[in-house]
Amino acid sequence: MNNVSPILRRFLFLLILALMVASDRTAQGLDSRIVFASNGDGNWDIYSMDMDGNNLLQLSDDPVSDEYPACSPDGRRIAFKSFRGLAPELYVMDSNGNSAIRLTHDSFRKGRPSWSPDGKRIAFSSLRLPAANWEIYAIGADGENEINLTQHKEPDLLPSWSPDGSKIAFVSMFDGGAFGSHHIFVMNANGKGRRNLTGDTGLVNSFDPTWSPDGSKIAFRSLFNLESYEIYVMNAEGKELERLTEESNSSMPAFSPDGSKIAFVSTREGGTDIYLMEANGMNAVNLTKSPPGTANSSPSWLPRVLAVNPNGKLPISWGVLKRTGNPR
C-alpha cells in the first residue's frame, strides 16, 4: 500500500466502506422489497415496493388475474397463480416481471405456492379429480417431476417449506378435532410424519403458516374469539404460542429475510392493505393505504440481488394508482 497513490488509496477506502454499508443493509433486509398482489387497476396483478411502501413497480400486466406471488430464495424468480389458461395454473417469471412460463397443465384449482430453500422445487395445493379433494403437491421449478405429497380424505392446504428444506408446514382438518376446524400441521418434505401443532392450543380455523428465516418459529393466522383473525407465532414444535395482533382481522404473515419484521394483510383501517410490523407485533405501519374498493394480498419478500426495474416499465406511485385506478 506504500506505493499506492493517495487518490487511489482514498478510492479503495471509499469502495470498501461502500461495500461494508451495502453488506450491512443487506444483512438487515433494508435492500429487500415486498412483492404482493393488488387489484388497484381493476384487475389482480403483481407488484413490488420498498419495505417503506415507496418505489412501487408493476411486475405483471395481463388481462386475467395474477395472484399469490412467492419469491424464490435467491430473489431471481417469482412463482404465482394465474388464470391465463382455461383454469388457474402455476407460473414462474423473472423477478423483473419478464419471461413468464407455465409450470402446471392439469386445469384444476391451485393454491398459494411455496419454494424449497434450494430453489429447485415448489410446493402447492391443488383440487383434483376423481377425489375432488385438496392435496399438497411438489413440482420442479422447471415444471417437471410433479409428485403428490398428501393423500387423505381431509383437505390439505397452504404449504410452507422450512428454511432447512426438511419439513413443510401446512393446513389440514386431519386429526383436527371439531368439524370444520383447520389446524397447522407439519410433515417431512416427503409427506411423511405429519403432526398437528395447534390441535391442543384451543385455537380454531388456523391458516397461512410461514417459517421464520432461522426455522425456529412459525407465524400464522387464527380466528380469535370467533370474531376476527389475528396473527400468532409459536415455536417450530407448536409451543410458546403468542398473539401478535389485536382486533385487526389480519392474515398472510411473511417474515423479512432477517426475521426482524413481518409483513401481513389487514383490514384494520377499512381497506385491505399490506402492513409491516416488528416480529414481536409492535409498530405496525400501513404500507399501501389503498382507497375503498382496492385490495392487496399475499406479501412475499424479494431479496434485492438483481435490478428490479422491469424492462419497458416505469415506477409508479400509490398516489397515481389511487387517483386514476390505473398504474400505467
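Quick note: the coordinates plus some simple rules give every number you see, no bench work behind them. Predicted, not measured: the structure shown is a model, and the values here were computed from it. Every residue, glycine as well, gets a Cβ built from its backbone with ideal geometry; the counts of neighbours run over all protein chains shown.
Assigning unit charges at the beta carbon (Lys, Arg +1; Asp, Glu -1) and nothing else, what dipole magnitude in debye, to the nearest 20, does the stretch 52-205 show about its Cα centre?
Working: 16 positive and 19 negative charges, 70 e Å.
That gives a dipole near 340 debye.
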Residue pairs, from the table 153/192; 81/110; 217/239; 110/167, whose Cα atoms sit over 18 Å apart: 110/167
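First select every other residue whose beta carbon is under 13 angstrom from the beta carbon of residue 108; then total the charges, Lys and Arg +1, Asp and Glu -1.
Details: positive: 81, 109, 110, 128; negative: 89, 106, 135, 146.
Result for the local shell: 0.
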Length-normalised contact order for the stretch 201-285 - Cα pairs under 8 Å, 6+ apart - percent: 20
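Among residues other than residue 285 whose Cβ falls under 15 Å from its Cβ, what is the net charge (Lys/Arg +1, Asp/Glu -1)? Walk me through the intermediate numbers first.
Values: positive: 261, 268, 289; negative: 50, 52, 269, 273, 278.
Value of the local net charge: -2.
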Cα-derived Rg over Rh, computed across the stretch 107-252 with Rh taken as Kirkwood radius: 0.96
Along principal axes, Cα extents of the stretch 33-324, largest first, whole Å: 49, 42, 32
Mean separation of Cα contacts under 8 Å (6+ apart) over length of the stretch 33-324, as relative contact order %: 16
